[in-house]
Amino acid sequence: MGLKVNVNPWAKTDEKILDEDKEALDFSKTDVNPSQVVGNPQTANLFLCLLKPEVNNYSQKVISTDTNILGQELRNLKAGKSEHYYLDSYYFYLLRQDSKVVYYDFLKNDADETYFDNLRICDLRLLAYQDATLKADKSYADLKSAKYVSSLIIDRILDFSISAKPVFIFKNYDQWAQVIMQALRERTDLEDEELVAKFNLLTDYFYEFSSNDSAITKENIHKVMKLGEYDEISDYLKEVRG
């Protein structure tokens, strides 16, 4: 089974909102600053899949593959800014188990600014627009941008030229699952039972948070289909532990 080519819709426009997305969205602000991919989805082993950007876009780019979110936050920290939301909320306990104060002091004063650059993580956002909501009769599967980023997940799993097994950690998994299924349907000729079987194969790589807390900890992560081992996730980050 071959996949139809996944075309990046952002590469064809300088607009801040994709034309195909406008019909499905309402915006609370006119100053739209989209951000959907932070990190390289072709080489990452660990993916944090969020509903939408949770703080202001650090990179000011919709797709930023030249650095990951922690690399951006470290540079902000060294520049005297206090922006380390994703490290603090999601990644800290996967990297360290001691004091946050001590770790942030180390990052700010002792770590090289490239300390996180080789960390193969990628943050994906189902909704690229921080201040947007769906219209009442629409779903995320109506967004071209959402289907594009969901197809990045499909491609990373089915690209067997990359030996390392990827891990995807989802916030709002039910919303993601709907769009991934739709993207898989549109990019294959599969229907019904075959489509569901292929989707279920993908879920072997899927984890979600066990609570409203967003920290990636052993107690707060479980496999979508069955309980998994936390070591599968933590192994990807051992090389950057301080």
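Structural remarks
- Residues of the range 184-211 that turn out to be without any contact (Cβ under 8 Å) to a residue 60 or more places away in the chain and in a helix (DSSP H, G or I), as a count: 15
- Matching residues, the range 12-47, being within 15 Å of A146 (Cα to Cα) and among the aliphatic types (A, V, I, L, M): I17, L18, A24, L25, V37, V38
- Of the residues examined, Y129 is one that is surrounded by 20 or more Cβ atoms within 10 Å (Cβ to Cβ) and under 20 Å from W10 (Cα atoms).
- Check on S139, in contact with a Pro (Cβ under 7 Å, 6 or more places away or on another chain), at pLDDT 95 or above and on the phi < 0 side of the Ramachandran plot: no
- Residue, farthest from the chain's Cα centre (by Cα), within the range 30-44, restricted to residues that are under 9 Å from Y129 (Cβ atoms) and surrounded by fewer than 20 Cβ atoms within 10 Å (Cβ to Cβ): V32
- Listed conditions (1) within 19 Å of Y86 (Cβ to Cβ); (2) touching a Phe, Trp or Tyr at 6+ places or on another chain (Cβ under 8 Å); (3) modelled with pLDDT under 90; (4) not aromatic (F, W, Y) are all met by I169, apart from (3).
- A single member of K135, K144 is among the basic types (K, R) and in contact with a strand residue (DSSP E or B) (Cβ under 7 Å, 6 or more places away or on another chain), and it is K135.
Yes/no matrix, rows are residues, columns are (1) free of Cβ contacts under 8 Å to residues at least 60 places away in the same chain; (2) part of a loop (DSSP other than H, G, I, E, B); (3) β-branched (V, I, T):
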position: Y91; (1), (2), (3): no, no, no
position: Q97; (1), (2), (3): yes, yes, no
position: D123; (1), (2), (3): no, no, no
position: Y129; (1), (2), (3): no, yes, no
position: A141; (1), (2), (3): yes, no, no
position: Y148; (1), (2), (3): no, no, no
position: I153; (1), (2), (3): no, no, yes
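- In the range 142-183, the residue that is surrounded by the fewest Cβ atoms within 10 Å (Cβ to Cβ) out of those that are basic (K, R) and closer than 16 Å to F206 by Cβ is K165.
- Of the residues contained in the range 157-165, one or more are found to be at pLDDT below 95, under 17 Å from the mean Cα position of the chain (by Cα), of a type in the set (K, R) and outside any helix (DSSP H, G or I).
- Only one of E15, E83, E20 that is over 14 Å from the mean Cα position of the chain (by Cα), surrounded by 12 or more Cβ atoms within 10 Å (Cβ to Cβ) and without any contact (Cβ under 8 Å) to a residue 12 or more places away in the chain: E15
- Unique match (being without any contact (Cβ under 8 Å) to a residue 60 or more places away in the chain and either not in a loop (DSSP other than H, G, I, E, B) or not β-branched (V, I, T) (or both)) among L3, L48, L74: L74
- Selected residue (criterion: nearest to R185 (Cα to Cα)) from residues of the range 17-32 that are touching a Phe, Trp or Tyr at 6+ places or on another chain (Cβ under 8 Å) and part of a loop (DSSP other than H, G, I, E, B): L18
The values are calculated or read from the model by the stated rules, or taken from the named source; none is laboratory data. Remember, it's a predicted structure, so these values are computed and weren't measured experimentally. FYI the Cβ positions are ideal-geometry reconstructions off the backbone, even for glycines, and counts take in every protein chain you see.
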